[in-house]
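Just so it is clear, none of the values below were taken in a lab; they were calculated from the coordinates. Treat the numbers as computed from the prediction; the structure is a model and nothing was measured. Using ideal geometry, Cβ is built from the backbone for each residue, glycine included, and neighbour counts are taken over all protein chains shown.
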Amino acid sequence: MKRILILSVLLLSSCTLPDMASLLPQPSPLPPTETATQTAIPSETPTITPTQPTPTFTTTPTLLGWEPSPTDAPTETPDPRLPSETPTAEPLANWGTSTPKYSGFLTVFLQYGVIYWGSCAPNATLITATVENPRLVDDVILFVRLKDKKFEDETEWRGVTMDKKDNGLYTYTLHYKNLNDYGHFTHAWVLYQLVATDKKGNIVGRTPVTDNRLSLEACP
């Protein structure tokens, strides 16, 4: 009976004691693991701006005179020795009344007094000149132009350097193709003048303009 009483007391005591498990220290909760959140950064897409090409403007020179195209070019080729531009020394009909004839020249000769354009002969003439002072003269320029025998039509002066020979002799073969606009003339005078220059281009001799010694005729 005494044992039963002791057991009863122990049972009652165990019922009134607090929960021992609650009295035990609880482990501290682990801190939450930080999870790195990757934020997608949008890649910046470059904006492509189309580049407009800068237009290039080419200045077209103003045509100051008619120039023949290849299709308009004449079939007959002039003497290439004739320059397209007149030399600086220009012929003048009034060189001065005090200037003696053939100043600076000894002789001037023509092979023929008439040349024909077309198929007739002669169609060229040899011009020869001898200067008075060969050491002083460097060039002799032959100037020519056409003048109609009946009308007032005439061409511009055109000059060519004559061929230099020995002992002050200068020659040039004047062909009808060397004469500007020869096809517009049926009967014309070939006016010519010779001008001698030194190495600096100074005029050291000249002949008067000869206007009635050489003719240009259309081939009949």
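Within region 139-155, being part of a loop (DSSP other than H, G, I, E, B) and among the β-branched types (Val, Ile, Thr) holds for one residue alone: THR155. Take region 156-187 and flag every residue that is assigned to a loop (DSSP other than H, G, I, E, B) and either farther than 18 Å from GLU132 by Cα or of a type in the set (A, V, I, L, M) (or both). Scanning region 156-187 gives GLU156, TRP157, MET162, LEU179, ASN180, ASP181, PHE185, THR186. Report yes if THR161 is within 18 Å of ALA218 (Cα to Cα) and surrounded by 13 or more Cβ atoms within 10 Å (Cβ to Cβ), otherwise no. Answer is no for this residue.
If the condition is being closer than 21 Å to HIS184 by Cβ, surrounded by fewer than 20 Cβ atoms within 10 Å (Cβ to Cβ) and hydrophobic (A, V, I, L, M, F, W, C), then region 133-153 contributes only PHE151.
Say whether the condition of being buried (at least 16 other Cβ atoms within 10 Å of the Cβ) and not in a strand (DSSP E or B) is met by at least one residue in region 190-204. No, the conditions are met nowhere in region 190-204.
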